[in-house]
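Down below is the structure, laid out as structure tokens.
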Amino acid sequence: MRGPVLLTIVVASFSALRATSALAEEAACATGTAPITATSQPIAKHEPSDVPRVQLAARLAATGTTATDVLKRMRESAARELAGRPDGIGDVSAGELRNADDAIARQIRIDQGMLPPLSFTALAKLPGRPQIEGLDIIYLNPLGDPARANAWRNIIVHQTEGPPGSARREAADQFAHPTKRGVTLWVETDGTVYWSVAENVIPTHGEGGDRNDNKYINNTKTYHAVIKTNSIGVEFIGNYPDVAEPVTAEQVRSWSLLAPFLQERYGITPDHIYAHNWIDFKDQRYCEGCELATLARKLGYCPSKAP
């Protein structure tokens, strides 16, 4: 199932979830309060591919083996994770260890049922490796404090001619060369998301992509405004060898969660989500990113603190 039919089903499903709090939804964009949905209380149904180090440390600490070398290393990994650094990168300060200890203690209380799970809005603002139910996301580089991230104001949706199975390789190459031409997030055909670089790094996916021809949308608001320095890029793998091949059902489902996650984290409103082809003509055979950008706008997610 692909194309407009799938898009309609996803939008309808998301709308049904939002109907559980219709009053909050009605006032959401006006007040800057995110609507409460069924995804706001995520309870993991399976072991994620990239388990947060804080969770792993909490599980070890809960067993009472606080003096083991394994826990010591995991505590240091948790400290790096919360600071937005990959495992083993950089020394760990006393302050970072204190932050890790606080987060581990809180996670133990959550695991023991003494504290409720974090809301969607709270999860979206976490440092480290926040995991949203239904979204399989792997962080090659953990997130830091969102207040210290680049000032992302837009999301640009791309599709690449890379074959299925190439998202991890492309993300790893971006990780190794953060500012090369590419994007921050890569989405595999099975829906797995790879976060490739730190959120304060600016890849060059928007370099040279700017026009005012009004081909797809009115470009007066995007010309010289939606550019690499303020637009976080998401690349969907798989339109190879046929560039007109639509995205997969799994990619659409992941995007229906990933888009609100990015919007909430950076305060991006639906009208600031763009397809590549809306701001930069690429290929007359297909409209790159248009189906996905249209879907994200139709979801109508309003961040809790919209700029």
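The values are calculated or read from the model by the stated rules, or taken from the named source; none is laboratory data. Remember, predicted model here, so these are calculated numbers, not experimental data. Methodologically, a virtual Cβ is constructed for each residue, glycine included, from the backbone with ideal geometry; neighbour enumeration extends over all protein chains shown.
Assess whether Asn239 counts as being surrounded by fewer than 24 Cβ atoms within 10 Å (Cβ to Cβ), touching an Asp or Glu at 6+ places or on another chain (Cβ under 8 Å), closer than 22 Å to Ala171 by Cβ and among the polar types (S, T, N, Q). Against the criterion (surrounded by fewer than 24 Cβ atoms within 10 Å (Cβ to Cβ), touching an Asp or Glu at 6+ places or on another chain (Cβ under 8 Å), closer than 22 Å to Ala171 by Cβ and among the polar types (S, T, N, Q)), Asn239 qualifies. The set of residues in the range 82-139 being in contact (Cβ under 8 Å) with a residue 12 or more places away in the chain and of a type in the set (D, E, K, R) consists of Arg85, Asp87, Glu96, Asp101, Asp111, Lys125, Arg129, Glu133, Asp136.
Filtered by the rule that a residue be buried (at least 19 other Cβ atoms within 10 Å of the Cβ) and not polar (S, T, N, Q), the range 168-186 gives Glu170, Ala171, Gly182, Val183, Leu185, Trp186. Restricting attention to the range 193-212 and to residues that are under 19 Å from Arg169 (Cβ atoms) and touching a Gly at 6+ places or on another chain (Cβ under 9 Å), the residue that is modelled with the lowest pLDDT turns out to be His205.
Out of the residues in the range 153-167 that are closer than 21 Å to Asp136 by Cβ and buried (at least 16 other Cβ atoms within 10 Å of the Cβ), which is nearest to the chain's Cα centre (by Cα)? Across the range 153-167, the extreme among qualifying residues is Ile155.
Could you check, for the range 59-69, whether at least one of its residues is under 27 Å from the mean Cα position of the chain (by Cα), without any contact (Cβ under 8 Å) to a residue 24 or more places away in the chain, outside any helix (DSSP H, G or I) and surrounded by fewer than 18 Cβ atoms within 10 Å (Cβ to Cβ)? No, the range 59-69 contains no residue that is under 27 Å from the mean Cα position of the chain (by Cα), without any contact (Cβ under 8 Å) to a residue 24 or more places away in the chain, outside any helix (DSSP H, G or I) and surrounded by fewer than 18 Cβ atoms within 10 Å (Cβ to Cβ). Listed here are the helices (runs of 4 or more DSSP H) enclosed by the range 213-305 that have at least 2 residues being modelled with pLDDT of 95 or more and in the same structural domain as Pro146 (by TED's automatic domain parsing): 249-266, 290-299. Checked against the criterion of being surrounded by 19 or more Cβ atoms within 10 Å (Cβ to Cβ), assigned by TED's automatic domain parsing to the domain that holds Asp173, outside any helix (DSSP H, G or I) and under 18 Å from the mean Cα position of the chain (by Cα), the range 78-86 contains not a single residue that satisfies it. Screening Arg148 against (1) in the same structural domain as Ile268 (by TED's automatic domain parsing); (2) surrounded by 14 or more Cβ atoms within 10 Å (Cβ to Cβ) leaves a single unmet condition, (2). Within the range 149-181, the set of residues being of a type in the set (D, E, K, R) and without any contact (Cβ under 8 Å) to a residue 60 or more places away in the chain comprises Arg168, Arg169, Asp173, Lys180, Arg181.
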